[in-house]
Amino acid sequence: MKLEGGKKDDAPRTAEGISESVLSSSMRKHIPSSLVKRLAKQELDRGRSLREAEKQVKGRLHQVVLSFEPGPKALSSLSSRLDAAGHDRALLKEAARAGLALHSSTKERLPYMEELFSFVFGKRGFSSVIDLACGLNPLAFPWMGLSKDAVYDAVDVSDLCGSAVRSFFDGWGIRGSFTQADLAEGLPKGGHDVALLMKALPTLDRIEQGLGYRCVKDVDAGHVAVSFPTASLGGRRKGMESFYGDSFEEFVRASGWTYEKRAFLGELVFLVRK
Ligand SMILES: C[S@@+](CC[C@H](N)C(=O)[O-])C[C@H]1O[C@@H](n2cnc3c(N)ncnc32)[C@H](O)[C@@H]1O
């Protein structure tokens, strides 16, 4: 009995301890403690020992954040390169393309990104965008075909990506922002014409089952572009298109929304109209 009650009462304090230990590493200190504590609490609630819970949390942080992005060194030299480019569009574009190749999601998208953005934004007259769980995708702004006055707000749990995105926005003169936020804690306030959730749903669902669909439903935007990876990080297709696509189509239909869908080389994209 004591164990049951004790486990519940101790959970917040021990989740706090796990968070402190996990974030003491320079590899992880850019991740908000709210996310680490959430994962730690889930692992402790599953009855794991402190040691085992901490190990699981580190593994899950790798899966949801660290496996996609380059390390702090590469991202800080990207920010410096973007800063050094000042307002020179040619230099900024060159640095942005190099930056896109650093994050696994945008690297995979490079060969078809213009085609993809033309499908999502082309001639739709969107003047405000919110890019949720953005990674380095905002660096693709020069290839998006949006108007130069478009507002582009970006959100990610990783502040490392954020510093490169901020440097790029300053240099290019984009009316936009980067906010470090954990989407499991809630969505940012303020309406936009379109929200992007590119390759984000499988990651968000690893934090909490159903979080991805909740973001699509709750985000304050008339359109939502949602994409799914159709090739794994190793490059092998595994029937991922129908694995993710079929249930998402069902969710969209059940919500009474309409959508267009297009398959690209490594990504299945839905443009949902709510
Ligand atoms: C597969 S990547 C996709 C990046 C980008 N949307 C793209 O397609 O280029 C997943 C992104 O989700 C971010 N992420 C993970 N958990 C998050 C959370 N709880 N809140 C916000 N962003 C999160 C990661 O840092 C990473 O940049």
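A few points about this structure:
- Hits in region 112-142 - residues which are within 13 Å of the ligand (Cβ to nearest atom), surrounded by fewer than 18 Cβ atoms within 10 Å (Cβ to Cβ) and farther than 19 Å from ALA263 by Cα: none
- Count of residues meeting criterion [away from the ligand (no atom under 14 Å from the Cβ), modelled with pLDDT of 95 or more and more than 25 Å from SER104 (Cβ to Cβ)] in region 190-222: 7
- Cβ-Cβ under 7 Å pairs, at least 6 apart or on other chains, region 211-230 side farther than 13 Å from LYS199 by Cα, far side within 13 Å of the ligand (Cβ to nearest atom) and modelled with pLDDT under 95: none
- Cβ-Cβ contacts under 9 Å between residues 6 or more apart (or on different chains), taken from a first residue in region 115-139 that is in contact (Cβ under 8 Å) with a residue 60 or more places away in the chain to a second residue that is of a type in the set (Val, Ile, Thr) and in a loop (DSSP other than H, G, I, E, B), are listed as ILE130/VAL219; LEU132/VAL219; ALA133/VAL157.
Here's the yes/no breakdown for (1) basic (Lys, Arg); (2) surrounded by fewer than 13 Cβ atoms within 10 Å (Cβ to Cβ); (3) modelled with pLDDT of 95 or more:
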{"site": "ASP10", "(1), (2), (3)": "no, no, no"}
{"site": "LEU23", "(1), (2), (3)": "no, no, yes"}
{"site": "SER34", "(1), (2), (3)": "no, no, yes"}
{"site": "LEU39", "(1), (2), (3)": "no, no, yes"}
{"site": "ARG48", "(1), (2), (3)": "yes, no, yes"}
{"site": "GLY71", "(1), (2), (3)": "no, yes, no"}
{"site": "LEU78", "(1), (2), (3)": "no, no, yes"}
{"site": "ALA85", "(1), (2), (3)": "no, no, yes"}
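- Annotation: GLN56 fulfils all but one of (1) surrounded by 16 or more Cβ atoms within 10 Å (Cβ to Cβ); (2) within 14 Å of the ligand (Cβ to nearest atom); the unmet one is (2).
- Taken together, the residues in region 156-176 that are within 13 Å of the ligand (Cβ to nearest atom), in a helix (DSSP H, G or I) and not acidic (Asp, Glu) amount to 5.
- Verdict on THR179 being in a helix (DSSP H, G or I) and either near the ligand (Cβ under 10 Å from one of its atoms) or within 15 Å of the chain's Cα centre (by Cα) (or both): no
- Cβ pairs under 6 Å, 6+ apart, first in region 182-210 and over 15 Å from PRO32 (Cα atoms) and in contact (Cβ under 8 Å) with a residue 24 or more places away in the chain, second in a loop (DSSP other than H, G, I, E, B) and near the ligand (Cβ under 8 Å from one of its atoms): ALA200/ALA133
The values are calculated or read from the model by the stated rules, or taken from the named source; none is laboratory data. None of the values given here were measured: they were computed from a predicted structure. Cβ sites come from the backbone with ideal geometry, for glycine too, and all protein chains shown count toward neighbours.
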